[in-house]
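Asker: Please find one structure pasted underneath; my questions will follow.
Computed from the coordinates by the stated procedures, all read-outs in this text should not be read as laboratory data. Nothing here was measured: the structure is a model prediction, and the numbers come from that model. FYI the Cβ positions are ideal-geometry reconstructions off the backbone, even for glycines, and counts take in every protein chain you see.
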Amino acid sequence: MRGLLRHIEACHNARLPGTRQPFLIGAARVGWVLPELMRALSDFPEIRVWPFGVGLDQAQAGALPRIALALAGRGLFRWRDEAFDVRAEPGGPALAELDRGALPLFGVMAEGVHVNGLVRRADGLWLWVGRRAAQRQLDPGKLDHLVAGGIPAGFSVTAALIKEAAEEAGIPAPLAAGAVPVGQIRYAMERAEGLRRDLLHCFDLYLPADFDPRPADGELAGFELWPLARVLERGAATDDFKFNVNLVLIDLFLRTGLIDPASADGLALRRALDG
């Protein structure tokens, strides 16, 4: 169990607020910012400093993309040219938009989809495992899910899943629409790029035995079909899987009974995942 538990602990290594101050849109806290960013933000007339944080009036929220672009020009983060909605809580109203690359800098919550691509065979469950392309900015070459990606601004969870399934693995929309939601996983993690506050919407997608995924957009170098027991062994013994993929896989191991959810180890892993 220790080999799996360390992955969960690594994704929960942030201690908030620490030295960070709340970043607000109006009265709603949407992120956490370090003193260095607060100093950089003070150069922009739209930014306000309140006794309880720093941020923008709701009427000025439309300036956030322009401010972020200026910060990228100063080298504070790498511009991704992909807007994400900024929310105070999951399911709440979108209060602003922010480039994906700036989300960790501002400590803003990011939502994404992760899909377990499963195949039922006579000898048990198998899982499609992807390998991230070598040129990826984050975690190049790591093992990954069949389908995983962020939810862009204006997209629903389902729409993002179908989009990512087509782009990453060549999965037709009618087939991708059969993915079943199985839960959500949250964590707050300090990484080199900043504070990752992520909400993962997790799905199981059972695929026909004769379906072969194909890399479509270059983000994944290829796919292999592994017995689920091999996935468990690799995840417990190594750091080969992308950091957050491990959490979704642990949930899968518990739900399928590969790890007994009622055992002491299973209960400890579930508490850690839900914590």
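Asker: Could you derive backbone 3J(HN,Hα) for the stretch 27-40 from the dihedral phi with the Karplus parameters 6.51, -1.76 and 1.60 (θ = phi - 60°), listing whole Hz in sequence and x where the residue is Gly or Pro?
Answerer: Values, residue by residue: 9, 9, 7, 10, x, 9, 10, 7, x, 4, 5, 4, 5, 5 Hz.
Asker: Further question on the same structure: Over all directions, average the projected area of the Cα convex hull of the stretch 21-106 and note it in nm².
Answerer: 5.1
Asker: Let me know the longest stretch in the chain that avoids all GluC sites (Glu not before Pro) found in a DSSP loop with at most 16 other C-beta atoms within 10 Å.
Answerer: After excluding every exposed loop site, the longest remaining stretch is 83-192.
Asker: For the chain, what proportion of DSSP beta bridges, expressed in % and rounded to the nearest 5, is antiparallel?
Answerer: Approximately 75 percent, going by the DSSP bridge assignments.
Asker: Now a separate question. How large is the convex hull of the C-alpha atoms of the stretch 125-275 per residue, in Å³?
Answerer: With only Cα atoms used, the stretch 125-275 gives 121 Å³ per residue.
Asker: Can you list the residues, at least 5 places off or on another chain, whose amide H is less than 5 Å from the amide H of residue 199, using H built in the peptide plane?
Answerer: Under 5 Å from the amide H of residue 199: 110, 111, 112.
Asker: Also, I was wondering about something else. What 222 nm value per residue comes from the helices of the chain, counting each DSSP H run with n ≥ 4 as -39,500 (n - 2.57) and dividing by all residues, nearest 500 deg cm²/dmol?
Answerer: Taken over the chain, the calculation gives -8500 deg cm²/dmol.
Asker: Once you keep just the Cα pairs under 8 angstrom separated by 6 or more residues, what percentage relative contact order results for the chain?
Answerer: 20
Asker: Further, regarding this structure: Working from the pairwise distances between different alpha carbons, so that the mean of 1/r is found and then inverted, what is the chain's Kirkwood radius in Å?
Answerer: Over the chain, the inverse of the mean reciprocal pair distance is 19.7 Å.
Asker: Out of the chymotrypsin sites (Phe, Trp or Tyr not before Pro) in the stretch 1-58, which ones are loop residues according to DSSP with at most 13 other C-beta atoms within 10 Å?
Answerer: Answer in residue order: 52.
Asker: If you don't mind, there's one more thing I want to ask. Fewest Cβ neighbours within 10 Å first, please rank 206, 187 accordingly.
Answerer: Taking fewest neighbouring Cβ atoms as first place, the list is 206, 187.
Asker: Related question: Report the extension gain between residue 234 and residue 5 in nm, rounded to one decimal, defined as 0.36 nm multiplied by the number of residues separating them, less their alpha carbon distance.
Answerer: Result for the pair: 81.1 nm of gain on full extension.
Asker: Under a point-charge model restricted to the Cβ atoms of Lys and Arg (+1) and Asp and Glu (-1), what is the dipole moment magnitude of the chain relative to its Cα centre, in debye to the nearest 20?
Answerer: 600
Asker: Amide H of residue 170 versus every other amide H placed in the peptide plane: which residues, excluding those fewer than 5 positions away on the same chain, fall under 5 Å?
Answerer: Correct list: 214, 216.
Asker: Among the helices of the chain (complete DSSP H runs), which have Cα atoms covering no less than 20 Å along the helix axis and a Kyte-Doolittle mean of at least -0.5?
Answerer: 243-256
Asker: Can you tell me the order of 257-264, 65-72, 123-130 when each peptide is scored by its average per-residue count of other Cβ atoms within 10 angstrom, highest first?
Answerer: Listed from highest to lowest mean packing, they are 123-130, 65-72, 257-264.
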